Amino acid sequence: MKKTKIFVRIWSLLLAIIMLFALASCDAKKESASEDGDYMNGMNNNSQGTPSSPNEKPEYTYGADEEGMEDVVVPETPDASNPNGDEAVPPSDIVENDFIDTSKNNISTFSADVDTASYAYFRKLVNSGYGLEALKGSGSSFRIEEFINYFKYDVPEPEKNELFGVHTEVVPCPWSEETMLFRVTLQAEQAVNANGNNLVFLIDVSGSMQSSDKLPLLKRSFEYLVDNLGGDDVVSIVTYSGREAVVLEGCNGLDKERIMSAINSLTASGSTNGEAGLTKAYQIAETYFIEGGNNRIIMASDGDLNVGISSADQLTSYIEQKRDQGVYLSVLGFGTGNYRDANMEAIADNGNGVYYYIDGDSEAEKVFGTDLFGTLYTVAEDVKLQIEFNASRVESYRLIGYENRLLDKEDFEDDTKDAGDVGASHQVTVCYEIKIREAQINDMSPLLTLRFRYKNPGEPISNLDEHEVGLYQVSTEMSDDMKFITSVIETCMILRSSKYVGDITLEEIMQTLSSLELDDPYKAEFYEILQTLSPYFDEVDHDSGIESKGKLYFSSPGDRNPLLVEDGGVGLIFLYAEDKTIFDGFKNGDVVIVEHGYVMESYPEQTYISKITLIENGTLSDEEWKAVQGVMAPAEIP
């Protein structure tokens, strides 16, 4: 009997010890999950601080200290460090190119760039309700060349046996009477690879990917690509979070249902071990390698790599070791908050791929529909441009954009020096602001010489193309394309608070754009975005006495631009007022009637109000909460 009692006591003691270890383990896991960005108790652990219930006020990251806080909540800049405890990304604020005296250096050399992520991210912020002043807080991160190259221009196709068509233009600069603008656009051939695609989808399924503008949008995006696959194509899917997993391997491109079933089965949780995922993706790409085909990893992520390789330098070094094996790496960026722009750009640049930011279904359709061949097929590797200015004709010059693409003069002829790749039908547009000296009589020398080098895919030796641009090519009239390009440049200079922008305003830019026939839907959308940003859109009457009824939604304490939620979330209108105190005393869910003027047709719609009247206090329903979260701070509602 005593032995039994002793045994029971010992067994009870062992159970107690086991339980203590289990509890300690659970606490450690909870702490780790919180640090890695998991969702605990319904809280999205990102910079937006999404609340766990419809009427709980969220916490937000502001772009200024309390004393100098802007009226509009500023999104965390693309390169800001993540508060979740992972390694901070080095800041990538762009230092604007200055004028260079040709007597000191008359040669400008840089790498081509066909990425468009920076413009799509800008569009995402505008469509999320951020105004001009708020965007200026992130302006130094906007890359002008990616804004310009987002759009297509009228350029001649390459001549026979040529890889690029070339168009040049020299016109008066619209923001300075003392300078001219030189523009060159290269048009790549529209070649199609007939040997098939070996594609590996490398998908981030970590906890930071849970929000609706990340993994759910990612799933819809890949559907556009899968719809265009054929019988010569092979698809594999690798996911990574705390560990890597092979979800699908070597699937024929015609088995679309199986591919999409695998993609749609993905869920997000855990930390972000990008190193393990990259390693596995390269292994599978090599296993199914297609000689003469397109062998490519398509990585989809918010760039928040917090386990393993996580700094831009480490990623660069790793991918440089892999790219020479004939497997290219392109990148799709998703989401906001802890979005890691520097990581994403470094991955694509060094993987001989393209970097896109997917801000919605229309951009996914563009990348994998309209621009599919350019997305998948590389026609020119290590594309470098070099402009040699004639110092007797050009006094000084400054390259607009391409600040992080600059190369040394010697790099131009060095075929071991990596540079940007160009896909089928891609365009590369470059602009310089130049100061021209007074022409001497009988001086027929050129203004500048344009040279560019490129390699045919897989070849080690580059090809050289050269074009002279003379004074006779200077025109006093801009083409419509040039008017649009200068409008894009001016917008970027305003966003970046450039010292060269002068007194140009959004309203003047919009006047230029309104004079053009914007048949291209993407160019028309750019005009609409500027309308959204401008407080003087179309000079309409903001106080015409129109009445609308709905519930108020404030994105943060002190928010001065709330949403009006109409018809249970069917209608959403951003409210603006010259007197910001008009919103004082109101809270989330209050039912109000607002008097306002013209409503801008955007998503969400926007208007200026002159009066607001409280009808009754209320709360937001689950449906209304989901509607506003889809605009302000996307999240899954528990």
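The values are calculated or read from the model by the stated rules, or taken from the named source; none is laboratory data. What you are looking at is a predicted structure, and each value in this text was computed from that prediction instead of being measured. Ideal geometry is used to build each Cβ from the backbone, glycine not excepted, and the neighbour counts take in all protein chains shown. Accessible surface areas use protein heavy atoms only, side chains included; no ligands, DNA or RNA. Shrake-Rupley method; radii C 1.70, N 1.55, O 1.52, S 1.80 Å.
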Hits in the range 461-502 (condition: under 24 Å from ILE144 (Cβ atoms) and polar (S, T, N, Q))
GLN473, SER475, SER479, THR486, SER487, THR491, SER497, SER498
Exactly one of (1) under 27 Å from ASP503 (Cα atoms); (2) among the hydroxyl-bearing types (Ser, Thr, Tyr); (3) open to solvent by less than 10 Å² (accessible area, probe 1.4 Å) is unmet by SER206. Its number?
(1)
Scanning for something in a helix (DSSP H, G or I), free of Cβ contacts under 8 Å to residues at least 40 places away in the same chain, closer than 21 Å to TYR121 by Cα and within 26 Å of the chain's Cα centre (by Cα), does the range 204-221 turn up at least one residue?
yes
Pair list, Cβ under 9 Å, 6 or more apart: the range 336-350 residue more than 17 Å from LEU202 (Cβ to Cβ), other residue at pLDDT 80 or above and hydrophobic (A, V, I, L, M, F, W, C)
THR336/LEU125; ASP341/ALA117
Residues of the range 318-349 being at pLDDT below 85, open to solvent by 10 Å² or more (accessible area, probe 1.4 Å) and of a type outside the set (Asp, Glu), in sequence order, are TYR318, GLN321, LYS322, ARG323, GLN325, THR336, ALA342, ALA346
Does GLY369 meet the test of being within 27 Å of ASP341 (Cα to Cα), surrounded by 17 or more Cβ atoms within 10 Å (Cβ to Cβ) and of a type outside the set (Val, Ile, Thr)?
no
For ALA262, indicate whether it is in a helix (DSSP H, G or I), within 18 Å of ALA281 (Cβ to Cβ), aliphatic (A, V, I, L, M) and free of Cβ contacts under 8 Å to residues at least 60 places away in the same chain.
yes
Tell me, please, whether a residue that is touching a residue at least 12 places away in the same chain (Cβ under 8 Å), within 30 Å of ASN273 (Cα to Cα), assigned to a strand (DSSP E or B) and in contact with a strand residue (DSSP E or B) (Cβ under 7 Å, 6 or more places away or on another chain) can be found in the range 383-398.
no
Per-region count, the range 373-425, residues under 18 Å from LEU450 (Cβ atoms), buried (at least 22 other Cβ atoms within 10 Å of the Cβ) and within 21 Å of the chain's Cα centre (by Cα):
6
So SER236, is it farther than 18 Å from VAL367 by Cα, open to solvent by 30 Å² or more (accessible area, probe 1.4 Å), at pLDDT 95 or above and of a type in the set (Ser, Thr, Tyr):
no
Just to check your reading of the model, which residue among THR491, THR512 is among the polar types (S, T, N, Q), buried (at least 16 other Cβ atoms within 10 Å of the Cβ) and over 18 Å from GLU133 (Cβ atoms)?
THR512
Select from the range 251-292 the residues that are polar (S, T, N, Q) and more than 22 Å from GLY458 (Cβ to Cβ) and list them in ascending order.
ASN252, SER261, ASN264, SER265, THR267, SER269, SER271, THR272, ASN273, THR279
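Yes/no per residue for (1) of a type in the set (Val, Ile, Thr); (2) open to solvent by 70 Å² or more (accessible area, probe 1.4 Å); (3) assigned to a helix (DSSP H, G or I); (4) at pLDDT below 95:
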| site | (1), (2), (3), (4) |
| --- | --- |
| VAL430 | yes, no, no, no |
| ILE434 | yes, no, no, no |
| ALA439 | no, no, no, yes |
| ASP443 | no, no, no, yes |
| LEU450 | no, no, no, no |
| TYR454 | no, no, no, no |
| ILE461 | yes, yes, no, no |
| LEU464 | no, yes, no, no |
| HIS467 | no, no, no, no |
Which residue is modelled with the lowest pLDDT, if the candidates are limited to the range 530-552 and must be open to solvent by less than 20 Å² (accessible area, probe 1.4 Å) and outside any strand (DSSP E or B)?
PHE537
Could you tell me whether THR378 is out of contact with any Leu (no Cβ under 7 Å at 6 or more places or on another chain) and without any contact (Cβ under 8 Å) to a residue 24 or more places away in the chain?
no
If we keep only residues of the range 426-448 that are under 18 Å from ILE400 (Cα atoms) and charged (D, E, K, R), then the residue nearest to the chain's Cα centre (by Cα) is GLU433
Restrict the check to the range 128-143 and report whether at least one residue is within 16 Å of ALA348 (Cα to Cα) and either open to solvent by 20 Å² or more (accessible area, probe 1.4 Å) or not in a helix (DSSP H, G or I) (or both).
yes
Spot the failing condition for LYS256; the list is (1) surrounded by 15 or more Cβ atoms within 10 Å (Cβ to Cβ); (2) at pLDDT below 95, and only one is missed.
(2)
